[in-house]
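These notes concern the structure reproduced below.
What follows is calculated from the coordinates using simple rules that are stated; it is not laboratory data. Computed from a predicted model, the values in this text were never measured in an experiment. Note: ideal-geometry Cβ built from the backbone for every residue, glycine included; neighbour counts use all protein chains shown.
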Amino acid sequence: MPLRVNGRTDVRQLSAELGSILLDTLGLTAAIEWRARQFQKRTGVLCQLTMDPATPANLPEDYAATIFEFYNQALSNVARHAMASRVAVALTITPHDVTVKFSLPPA
């Protein structure tokens, strides 16, 4: 089936599907890093991502998918509403907690 991109919605859908594939094959850390790069390219908003190196690699699939979706939605909200030139994101995952901090540092 040929790929047709007919506008913004199709591009977003394609991006979401690609993120899902990366999440499934490379894991949460790589998918989040990829998404930060794509966000920066698409919006021009500098995305400074800090992830705890101790992030577990073996999260249950539904947990990883939920964290990735939350992250995507938060970046979309930054792009739509924050009128920011930069965003700093800090992600920490422990066996009992997930902490994601978004801040808009001064330019």
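In table form, for the structure just shown:
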{"read-out": "Label-point separation in nm, residue 97 to residue 26, each point 7 Å along Cα→Cβ", "value": "2.9 nm"}
{"read-out": "Pairwise FRET efficiency - residue 58 versus residue 104, Cβ, R0 = 35 Å, nearest 0.05", "value": "0.60"}
{"read-out": "Where labels lie 7 Å past Cα in the beta-carbon direction, separation of residue 82 and residue 42 in nm", "value": "1.5 nm"}
{"read-out": "Cα gyration tensor shape for segment 8-103, rounded if a/c is under 1.5, else prolate or oblate", "value": "oblate"}
{"read-out": "Order of 51, 83 - criterion: other Cβ atoms within 10 Å of each residue's Cβ, fewest first", "value": "83, 51"}
